[in-house]
Amino acid sequence: MNSANTAAKLQLVKPKVVPFFDEASNTFSYVVQDPNSSACAIIDSVLDFDMASGAINHHSAQAIIRYVEEKKLDVEWITESHVHADHLSAAAYLKDFLGGKVAISEHVIKVQETFGKIFNAGDEFKCDGSQFDHLFTDGESYTIGTLQCLAMHTPRHTPACMTHVIGDAAFVGDTIFMPDSGTSRSDFPGGDAATLFQSINKILGLPPKTRIFMCHDYGADESREVEYLTTVKAELEGNIHVNKAVNKADFVEMRQKRDRGLAAPHLILPSLQVNMRAGHFPPPEDNDVIYLKVPVDVLGKGK
């Protein structure tokens, strides 16, 4: 399937996109609505978690629930762009309140196999993606109401990264950032800078007017306010890591050097254990308490 040609056809429809920002993790979640119906999808939701105390709360998810209920929307999808390492997913919580199918790339199986072993998850944890309601394949077409959508596999920030082209909008997860912030790291298990370069160029092969919605923004080292929206054209012209003048070899050299200096995300250990389970926590132990593991000196700085 030619993703660019398919995306060009989708450009005729402009979905309504409402962002929700979680300041603690610098994460943008989205409600994406079919302009011709009440159908919507929720993308990259956040479950609030305090690492020091282990406490969870749901104020980020509740903000989405309030909006959906006030607008009388029908949730068809609760989508994860990938298995996040910097925030916990609220997908399971949102499904309990709003319904919808929790979905991710079929390549989540590779992530589950890797981290199931690292966290010694045991026989209760199935590395087959069955924790999710739907596993998207590369090039898969699907709908949100009458809105036509396309799932594009854009890996190697993680193996399971997927860009969702919904009408004239692309939700890219962590694959690419605002032009002045560049691109995502590629040093997590299963990551690869050369493949990431190819995936980014797949995104930049979409029509120039395609709106690109960020999963994260950090304000370019606090020199500006956080932003969530750019375009393919703006990325091609001004992304500091990938643009018309950057070749694969130069990108790989830059990305690998930059990644060596990055610390592990603050919430990587709890996030992976929950997110590989589609937003569910591990089962309680025999004292009815749920535990999240800290493997010692295994992940290093996130590799």
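The table below gives the values:
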quantity	calculated
Among Gly191, Phe49, Gln148 the positive-end extreme of the charge dipole of the chain (Cβ point charges)	Gln148
Unit charges on C-beta of K, R, D, E only; dipole of region 13-263, Debye	680 debye
Over the chain: helical MRE at 222 nm, DSSP H runs n ≥ 4 each giving -39500 (n - 2.57), nearest 500	-7500 deg cm²/dmol
Percentage relative contact order, region 13-263, counting C-alpha pairs under 8 Å, at least six apart	15 percent
Anisotropy class of region 85-222 from Cα gyration tensor, a/c 1.5 cut	oblate
Convex hull projection area averaged over all views, the chain, Cα basis, nm²	15.2 nm²
Residues Glu106, Glu237, Glu80, sorted so that the one with the fewest Cβ neighbours within 10 Å comes first	Glu237, Glu106, Glu80
About the Cα centre, charge dipole magnitude for region 66-205 (Lys/Arg +1, Asp/Glu -1 at Cβ), debye	120 debye
Linear extension gain, Gln256 paired with Glu225, 0.36 nm per residue minus alpha-carbon span	8.4 nm
Cα-centre dipole for region 93-171 with unit charges at Cβ (Lys and Arg positive, Asp and Glu negative), debye to 20	160 debye
Top positive-direction residue, dipole computed over the chain with Cβ charges, set Ser37, Val75, Ile212	Ile212
Full-extension gain in nm, Lys293 to Asp138, via 0.36 nm per residue minus C-alpha separation	52.6 nm
Choice from Thr27, Thr230, Thr154 showing the highest fluctuation, given a GNM over the chain with Cα pairs closer than 10 Å	Thr230
Packing-based order for 240-248, 82-90, using average beta carbon neighbours within 10 Å, highest first	82-90, 240-248
In region 71-102, trypsin sites (Lys or Arg not before Pro) in a DSSP loop with at most 10 other beta-carbon atoms within 10 Å	Lys72
Theoretical gain in end-to-end length, Asn26 to Ala52 [0.36 nm per residue, Cα-Cα removed]	7.5 nm
Percent of beta bridges antiparallel (DSSP, the chain, rounded to nearest 5)	70 percent
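No value in this document is a laboratory result; all are computed from the given coordinates. The model shown is predicted, which means the values in this text are computed figures rather than measured ones. Heads up, the Cβs are rebuilt from the backbone with ideal geometry, glycines too, and the neighbour counts pull from every protein chain shown.
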